[in-house]
Amino acid sequence: MRQEQEILWNKRYSPSRTLSDKKILGPLVDKIQYEHVMKFIEEGKKAGSEVVTGGSRLGDKGYFVQPTIFRNVSIHLSIVSNL
């Protein structure tokens, strides 16, 4: 996928507490899962992987994380082997 297509794909998703035809991004289950996901994202950033889009918390309520796309990721990182 080209970078522009990746970003457009990512922007189609918006947060919702329920799944509906228009909103297909639900929250993570709890704070533990949220922190686990954010740890993977931070590890990727620190290792020099490029975040094409996403990589941050989404909103200030609930445990939503932006859909995240990395580029140039080492196969040895946890975001490759443990997700």
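For region 42-60, name all the residues that are assigned to a loop (DSSP other than H, G, I, E, B) and surrounded by fewer than 16 Cβ atoms within 10 Å (Cβ to Cβ).
Within region 42-60, 47, 48, 56, 59, 60 meet the criteria.
Quick check on residue 4: is it at pLDDT 70 or above and loosely packed, with under 14 Cβ neighbours inside 10 Å?
No, not satisfied.
Out of the residues in region 20-72 that are more than 9 Å from the chain's Cα centre (by Cα) and among the basic types (Lys, Arg), which is nearest to residue 82 (Cα to Cα)?
Among those that are more than 9 Å from the chain's Cα centre (by Cα) and among the basic types (Lys, Arg), it is 39.
Exactly one condition in (1) in contact with a Pro (Cβ under 9 Å, 6 or more places away or on another chain); (2) outside any loop (DSSP other than H, G, I, E, B); (3) modelled with pLDDT under 85 is false for residue 34; which is it?
Among (1) in contact with a Pro (Cβ under 9 Å, 6 or more places away or on another chain); (2) outside any loop (DSSP other than H, G, I, E, B); (3) modelled with pLDDT under 85, residue 34 violates only (3).
Got at least one residue in region 61-69 being surrounded by fewer than 12 Cβ atoms within 10 Å (Cβ to Cβ), at pLDDT below 90 and outside any strand (DSSP E or B)?
yes
The values are calculated or read from the model by the stated rules, or taken from the named source; none is laboratory data. Source: prediction; values computed, not measured. Please note: Cβ atoms are built from the backbone with ideal geometry, for glycine as well, and neighbour counts cover all protein chains shown.
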